[in-house]
Structures are given as C-alpha cells and as structure tokens.
2 protein chains.
Amino acid sequence: MRIAVDGMGGDNAPGVLVEGAIQAQREFGFEIVLVGDRNLIENELSKHKPYPKDKIVIHHASEVVGMDEAPASSIRKKKDSSVNVAARLLKERAVDALVTAGNTGAAVCATTLYLGLLKGIERPGIAVIIPTIQGLSLLIDVGANIAPSPSHLLQYGIMGDIYCRFILNRPRPKIGLLNIGVEESKGTEFMKETHKLFSRSQLNFVGNVEGHDLFTGKIDVVVCDGVVGNVALKVSESLAEAIGDLLRRELKKSLLTKIGAFLSKSAFRALREEVDYAEYGGAPLLGVDGICIIGHGSSSSKAIKNAIRVAGDFVNLKINQHIAETIQKAKYKY
Amino acid sequence: MRIAVDGMGGDNAPGVLVEGAIQAQREFGFEIVLVGDRNLIENELSKHKPYPKDKIVIHHASEVVGMDEAPASSIRKKKDSSVNVAARLLKERAVDALVTAGNTGAAVCATTLYLGLLKGIERPGIAVIIPTIQGLSLLIDVGANIAPSPSHLLQYGIMGDIYCRFILNRPRPKIGLLNIGVEESKGTEFMKETHKLFSRSQLNFVGNVEGHDLFTGKIDVVVCDGVVGNVALKVSESLAEAIGDLLRRELKKSLLTKIGAFLSKSAFRALREEVDYAEYGGAPLLGVDGICIIGHGSSSSKAIKNAIRVAGDFVNLKINQHIAETIQKAKYKY
C-alpha cells in the first residue's frame, strides 16, 4: 500500500503532514510518498530521525496552491503544484490513494481533471463522518457541488450507502434527505424532485429529515446539497468549539468549579475524543476514479494519520469498484 | 399594551402558553388575550388562581392548525383557527402584537394574509437571536422564505440591521452573508448576485462569512436563505443538546467525575442559561405589517414569557415604523 500525501496543503504544512505521515507509517506499515518542496519536507523529516527511509519518500513538486486561491484557475496555472503532482501519481497508479489537507476546491479540481469520474457518476461529492449520540453518521455533500441536480443527490445517496455498508459495516443504512420539514411536500421544487427520485430508488430511504436529526444517530446517511452541507458542518464545528470555550470560562469562575473541573477531567477528555473530528480521519471525495481523502485545513498530525488510515480502508475494501458496479446497475433500477 | 397569545399553538398547548402568559402579565404588566378553545384555556387558567382576570382574557377560536399540517391550505380552510383569529385581532388593532409557538408556516401565512406586508417589503423573513462566545448575533432568514431572490436577502439585511440597532443597541451592526467561503467569487450565482447588491448598499456589509463565523459573535447579522438558515438553526440546537447528553453520560461513569460534576454544577447551569434559546424569546417575523413573534414548538413557559417581552419591545421601539421608513428610502439608496 502506497499513499501519496500532499505535503504542502493545509494551514500547518508541511510540519503536521510529515508528522502524520510518520505516525501512519509506524502504525499501519503503509509506504508514504510525501509530495511537495523537497527541501522543506526534508527539513521536517530530519526532526523525526530515525524514520524508515525506504518507507517514506519525497516526490518533489515546485508549486503550492494556497488555501484561499481560486481552485480551477490555480489547478490550470500551477501544473507543478503538490496536489496536481499527487493526482498525476495516482493517475499513473504509482500510488494507491491520495491524502490532502489543502484547498478543498483544488483537490476536487485536480482529481477530477487528472483521474476523471467513475463510469456513470455525474459529479463528485464529499462525505464526512459525523459523531452522534449513538454512533457515527455520514453527511454528503459538504461542498464539492454547490448547485447539484436531483440525480447528483441520488448518486450521493448511493455512494453514501456503499461507504456506510463497507466502511461502517451497516447492512442496510437508513438514508435521509436534509430538508426543512419531514413531509414530502416540504422544501423547494429541487428538494421535492429529489425526494421523488429517492422514493423510487432501491435505497433504504426514510424520507426527509431535519437539522434536528443530524446528531441523533437515527439516520446513517444524510444527503444534501454542498452549500447546506458545508454550512451545517462548519456551524457544527464552531458551535462545539464555542460550547467548549464557554464551559471553560464558567469553570474558571470559582475555586469550587475549578476543583470540580479537575475531578471531572477524564469525562471532558472522553467527550472531546468522542466529538473530535481528528479521530475520524478525512472526508473521502466520492465519485472520482481514484481514492482521494480530504482533511481539514487545520488538521492535526493525528487527523492526517487517521485520514491515511481511511485511505487504506478505501483501497482495501475496493470502495470505488463497489460504487462503479452499483451505479452501472442503478441505471436501470434506481 | 395588549398582546394576543395563540393559546393552541405548540407541542404543549395550551398549558405552557397559559403559564407563560401569566408570568409575562405579572412581570411586564401587559394585558394578554389568550386566543383559542375557551374551555381548554379556562381549565388551564383555573390551575393558576388567583390571576388578574381583567388583565388576562380569553378570545374564543374553535379550530387549531396542527404542527404538521400544510400551512397555506390549513389557513384557508380553518378560518376560525387560533392563529387566524389572533391575526385578525391584530389587523383590527384590538391587540398590539401576536405571539405564537404553533406551526411556523401557518403563522407566516396567516399574518401575511390578514396583515399584509410593510410597504416596499417583498417577502417576510424570520430572525433568531444566536448566543455566541461574545454576546448575541442575529440569523435571518430561518425558514419563512425557502426560494428567495437576492433583493429579498438584501431586505433581510436591512431589517436585521434595524433589529440590531434598536433592540440590541448596536450603532453600526456588521452584516455578513452566509456562504461557503469568504471571497466574493464563492458560492452559487444567486449568492454572487446577492453579494453585489449588499456591496452597493449602505449597510455595514462585511462580505461573505462561513458557518465557522456564526458563533464567534464577530458578525452582528448573518443573512441567508430560509433553507440554509433553518438547517443551521436546527443543527445548532440539536448539537448543543447532543453535547449535553454526551457530557452527562461521561460524567456518570465514575464516582470521581460524579463528584466533579456536583462541584461544577453552577458552571453547567450558567452555560445552560447562556445557550438557552428560551432566554432570548421568540423569533420576530420581520416584514409583515404587524408585530408577530414566533416561538419554538417546544417552547417552555419561560420562552413564551420572553417572547411576549420581545413583542412588547418591538411595539415600544416602533420597529415596524423604522423598517417601513428605511425601506422607502432604500428604494433609491440601496
């Protein structure tokens, strides 16, 4: 198993990427190809000596797409950017998968451009794992496709179903459509049309769900357009942080609450781990003809390590093959 | 000050409505008109004897719009439903404002039908107060208008600005447009067009903001379409609950953490109050020609009491007059 890691993508590149890559190599035994500026990456690697030099190699790329750059034009102009080079390595099957914590739009553009889409797939979508009060759920799409058609959403449902069955081991995932009410008459014309498509499909479609349902864990795969999903994801992340900040502030207000907080710290730690996105690795870009896992720009080394683990799972479990086969059959059945 | 309360709307009607009305009457001295089934409401009132009978009166309405009924058709068919009757009382100026915790769509339809919109306003929008890590922010629209045009969103910005200036006492509120990235090139064509309109306006427009920014308190008024706002609001509410549930579960796991939780309970209580939607009253339906405050279906009596307080503030501070005047001027300036 060889995984390319975009060494230059993310808020803390290349430091955390190199650190996460070394952790992943040690834990999972994968070979890692760090793609990016050779000098900068070598410098980071030298901080972690000794590391297995035959298992962690550098593939030089002279350019970087910045986090705020316009994705499509950067990908066209910066041919030798780390994400482009990594996507080409994947295209040439020099690696089995790609992990990046860089500009999300650039990753979508580069992989779509160099790898193309799986046969029958109309648009790629990004799926994230959501920790809920009872286990994990999937939210798809969180920003790859901001103006989808109903059939794109149906394909996200199909891909989410496969993700859920093979990676989360749920035999018959419940699929819901994120809307502003549960009745099938709710929402925009786009949503009503999408509801119809899902109702006719062979998915275990439970109908419309609301924002309230996202963290209950009752729905395995929540499908929505990229704008709604992106806002829902970012609102959730920032609210979790805000509640943490407010609680810390309150706990510091008296000696009693400080002692209480000290005694309770194992509970706080357990909660933090439960809701920590870093635990669940990156978000797969589903639909492209190659495994690409996208991490948060602010990913920690643990998040990178876990994204590499997820990439390995996707390769081992042949997720893309399952998607391609299902979509081919779906042409007639869904 | 006379406020009509839809006594039959909400998950716990008429009990919590009556209770909230009595609390509000005692605390603020307003006269309250409870609209709904006379027998049911009298029965609830009898549990709270003595209450000031000259200050809390019942106005009978024989029908109820259920929480899950289709709004538009219910409002047309159930002429004598509590929300319709209350809207007509407001139309006749028999009351100064209306508070409901019933079917949100029905409240939007009934008030729009009977009261009409303020001159120059194209669509009503629902604004909610969001507690953040530094003070309160406004989110508009959270579900009145699921397929807005850019000019509707601009008007929401203008109305949110007025809400923020007069009710939250901020001289120059920062207005942001909820999008999937901060650059003005981000988002759908609809969002780009909306961004242009805001840029040309006289509002203190800070540009696009992301889901991450909602709970930072850096933006005073966050504007979005009703689908995105509804999902963001409901996701936030359910995540806050989920984190509470998970933390309680963790704190119960050992004697040490139980003791810690006991010592820290004042901090948990303070946090709960800080993020408790019930503290901030209901959400005004901005743009209709009359004050209508919409509460959560699951409102507690405290939430109803606070919604009645907000209704009083809107009347006293002549918010609708300010909106109408600003929109009239805006025709040329915005």
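Residues in the stretch B:40-76 that are in a strand (DSSP E or B) and charged (D, E, K, R): 1 in all. Restricting B:Leu117, B:Leu136 to those that are of a type in the set (A, V, I, L, M) and either surrounded by 23 or more Cβ atoms within 10 Å (Cβ to Cβ) or at pLDDT below 95 (or both) reduces the list to B:Leu136. Of all the listed residues (A:Glu92, A:Glu69), the sole one being modelled with pLDDT of 95 or more and of a type outside the set (A, V, I, L, M, F, W, C) is A:Glu92. Considering the stretch A:1-25, the residues that are among the charged types (D, E, K, R) and at pLDDT 95 or above include one that is nearest to A:Thr111 (Cα to Cα), namely A:Asp6.
Taken as a whole, the stretch A:57-72 holds no residue that is surrounded by 15 or more Cβ atoms within 10 Å (Cβ to Cβ) and within 20 Å of A:Phe314 (Cβ to Cβ). Does the stretch B:166-200 hold any residues that are surrounded by fewer than 17 Cβ atoms within 10 Å (Cβ to Cβ), touching a Gly at 6+ places or on another chain (Cβ under 9 Å) and among the polar types (S, T, N, Q), and which are they? Listed by number, the list holds a single entry, B:Ser199.
Apart from one condition, B:Asp245 fits all of (1) more than 7 Å from every other protein chain (Cβ to nearest Cβ); (2) assigned to a helix (DSSP H, G or I); (3) out of contact with any helix residue (DSSP H, G or I) (no Cβ under 6 Å at 6 or more places or on another chain); the exception is (1). Among the residues of the stretch A:252-278, those that are of a type in the set (D, E, K, R), more than 9 Å from every other protein chain (Cβ to nearest Cβ) and open to solvent by 60 Å² or more (accessible area, probe 1.4 Å) comprise A:Arg272, A:Glu273.
Working only within the stretch A:147-164, note down all residues that are in contact (Cβ under 8 Å) with a residue 60 or more places away in the chain and either more than 14 Å from chain B (Cβ to nearest Cβ) or open to solvent by 10 Å² or more (accessible area, probe 1.4 Å) (or both).
Initial filter on the stretch A:147-164 (in contact (Cβ under 8 Å) with a residue 60 or more places away in the chain): A:147-148, A:153-163.
Once the filter is applied, which keeps residues that are in contact (Cβ under 8 Å) with a residue 60 or more places away in the chain and either more than 14 Å from chain B (Cβ to nearest Cβ) or open to solvent by 10 Å² or more (accessible area, probe 1.4 Å) (or both), the stretch A:147-164 yields A:Ala147, A:Pro148, A:Leu154, A:Gln155, A:Tyr156, A:Gly157, A:Ile158, A:Met159, A:Gly160, A:Asp161, A:Ile162, A:Tyr163.
For the stretch B:82-105, a tally of residues being open to solvent by less than 60 Å² (accessible area, probe 1.4 Å) and touching a residue at least 60 places away in the same chain (Cβ under 8 Å) returns 16.
You will find that of A:Val228, A:Val310, the residue that is more than 8 Å from chain B (Cβ to nearest Cβ) and in a helix (DSSP H, G or I) is A:Val310 and no other. Consider the stretch A:214-229 and keep the residues that are surrounded by 21 or more Cβ atoms within 10 Å (Cβ to Cβ) and modelled with pLDDT under 95. The one that is farthest from A:Asn179 (Cα to Cα) is A:Phe215. As a summary of the residue check, B:Ala127 satisfies the conditions (1) of a type outside the set (D, E, K, R); (2) under 14 Å from the mean Cα position of the chain (by Cα); (3) open to solvent by 10 Å² or more (accessible area, probe 1.4 Å) except for the one numbered (3). The single condition among (1) among the hydrophobic types (A, V, I, L, M, F, W, C); (2) out of contact with any Asp or Glu (no Cβ under 9 Å at 6 or more places or on another chain); (3) more than 13 Å from chain B (Cβ to nearest Cβ) that A:Ala144 does not satisfy is (3). In this entry, A:Val35 is excluded by the filter for residues that are part of a strand (DSSP E or B) and surrounded by fewer than 19 Cβ atoms within 10 Å (Cβ to Cβ).
Of the listed requirements (1) open to solvent by less than 10 Å² (accessible area, probe 1.4 Å); (2) not in a helix (DSSP H, G or I), B:Ile22 misses just one: (2). Here A:Pro284 clears all of (1) modelled with pLDDT of 95 or more; (2) over 13 Å from the mean Cα position of the chain (by Cα) except the condition numbered (2).
The values are calculated or read from the model by the stated rules, or taken from the named source; none is laboratory data. Keep in mind it's a predicted model, so treat the numbers as computed, not measured. Quick reminder, even Gly has a Cβ in these numbers, built from the backbone with ideal geometry, and neighbours come from all protein chains shown. Surface accessibility is based on the protein's heavy atoms, side chains included, excluding ligands, DNA and RNA. Shrake-Rupley method; radii C 1.70, N 1.55, O 1.52, S 1.80 Å.
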